[in-house]
Protein chains: 2
Amino acid sequence: MAFRSEILIKLDKKGRVLLPAAFRDELPADDRGAFVLYHSPNLSGVVNGNSRAGFDAMLDRLRAEALGPKGALKVALDDEAFDPAGYLSASARTIAMEPDGRFSLPAEFASVLEVSDGVMLVGKGDKFQLWNPGRWQARRDTDRDKMAAFVRGLGGDA
Amino acid sequence: MAFRSEILIKLDKKGRVLLPAAFRDELPADDRGAFVLYHSPNLSGVVNGNSRAGFDAMLDRLRAEALGPKGALKVALDDEAFDPAGYLSASARTIAMEPDGRFSLPAEFASVLEVSDGVMLVGKGDKFQLWNPGRWQARRDTDRDKMAAFVRGLGGDA
DNA sequence: CGGGATGTCATGGGATAGCATGGGAATTTC
DNA sequence: GAAATTCCCATGCTATCCCATGACATCCCG
């Protein structure tokens, strides 16, 4: 299960978006009809996506990291403390697809993406992202330079 | 079964609130007609909600983890000892919905929420919450900063 | 090896179903 | 018997179902 490639998908006048077959194929075989979209926790204007299982697994790891194994009961009761997993849950929505792989993009996501006629779907391995096509272009250009610098900076030449 | 997303729901002049379909769908298939509301144990102005099964499971965990197997028996007999699960039960109410998913919000909850024409329903994964829309906005803003700080604080920057 | 056939993918759009909400009427409650 | 609660119908809107199309890619058989 690894999301790869970047694909530009039309946003039609009904507000529908197609989850490309390349991404659908990465969803668990027993849960192909729905997935999860959630706002990026620290990058405004970006929406993340994953399978339900992938999203839940991330929340589990997050809770373990934030609280340790004994914190589960506390977090279930303590409404005052900050709960990162709860925060992400609130920013997430389960999205059901039509049999052909299309879904209607909820307005809350369309507005932060500021998309009107096209959405860039970007595979990130263990998740995927939705971007405004123009913003993705800019991001990709700066990432290309950072990647080159990163590779240059890898040890090995000694 | 995981409650996600935040949805603003009207409180009509009869005092009725709709449990959104996204939340109804998370209720157990064999118990779709009712759920539980209870006051937050430590955050005034917030009301928690869950399925009857989810609420009961939390109480069980609370009794088991907080008191141990012997404590559970003790609490069943000892009316003098403090029983956190019993305390929560007293603050809880089973809410029956109409077939279309609406319910009338009991006055005791409406008053602590201080809502008059809208209630914010917030999914927290294992449970959901009812908030005064304005107060939720404020809480969400501070949580956003805490989330960014949390992400920044995760190791691995090295 | 070529070209028709088939299949899948991304997209468009009409028709229908379901959701959130409002409000009248019947029923309960004290 | 007056106020609150519950039942039921109505409505606008959005999402979903379902059918259709063109562009590719793959397959198959001579």
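Miscellaneous remarks
- Taking all protein chains together, A:M147, A:M58 sort by accessible area into A:M147, A:M58, largest first [probe 1.4 Å].
- Protein accessible area in region B:6-153, 1.4 Å probe - carbon and sulfur %: 54
- Anchor A:K10: lysines whose Cα lies under 24 Å away (excluding residues fewer than 8 positions away in-chain): A:K124, A:K127
- Anisotropy class of chain A from Cα gyration tensor, a/c 1.5 cut: oblate
- When nucleic acids and ligands are ignored and a 1.4 Å probe is applied, B:D117 ends up with an accessible area of around 100 Å².
- For the chain pair A and B, buried accessible area totals roughly 2500 Å², probe 1.4 Å, rounded to the nearest 100.
- Protein-only accessible surface order, largest first, of B:Y38, A:Y87, B:Y87 at 1.4 Å: B:Y87, A:Y87, B:Y38
- Closest-to-axis residue of chain B (Cβ criterion, axis taking B to A), whole Å: B:P69, 24
- Ligands, DNA and RNA aside, B:S44 has an accessible area near 110 Å² when probed at 1.4 Å.
- Pseudo-label separations to other copies for A:A64 - Cα-to-Cβ vector, 7 Å, nm: 1.9
- Charging the Cβ of each Asp and Glu at -1 and of each Lys and Arg at +1, and nothing else, the dipole of the protein assembly as shown about its Cα centre rounds to 680 debye.
- A:L8 accessible area, assembled protein chains, probe 1.4 Å, Å²: 110
- The protein assembly as shown: C-alpha gyration tensor shape, a/c 1.5 cut-off, then a/b vs b/c: prolate
- Complex-versus-alone comparison for region A:88-104, residues with a loss of 40 Å² or more in accessible area, probe 1.4 Å: A:S89, A:A90
- Estimated dipole of region A:36-158 in Debye, rounded to 20 [Cβ of Lys and Arg +1, of Asp and Glu -1, Cα centre]: 320
- The contact residues of region B:1-40, meaning those that lose at least 40 Å² of 1.4 Å-probe accessible area when all protein chains sit together rather than their chain alone, are B:R4, B:S5.
- Positive-end ranking of B:G123, B:A81, B:W136 along the dipole of region B:6-153, with charges on Cβ about the Cα centre, is headed by B:W136.
- The residues of region B:6-153 expose, per residue, 51 Å² of accessible area to a 1.4 Å probe.
- Across chain A, the relative contact order, built from alpha-carbon pairs under 8 Å that are at least six residues apart, equals 37 percent.
- Reduction of at least 20 Å² in accessible surface, 1.4 Å probe, comparing all protein chains with the chain by itself, residues of region A:41-58: A:P41, A:N42, A:D56
- Label geometry 7 Å along the beta-carbon vector: A:R102 inter-copy distances in nm: 3.3
The values are calculated or read from the model by the stated rules, or taken from the named source; none is laboratory data. From a predicted model like this one, the values you see are computed outputs, not experimental measurements. Virtual Cβ from ideal backbone geometry, glycine too; neighbours counted across all protein chains shown. Surface accessibility is based on the protein's heavy atoms, side chains included, excluding ligands, DNA and RNA. Shrake-Rupley method; radii C 1.70, N 1.55, O 1.52, S 1.80 Å.
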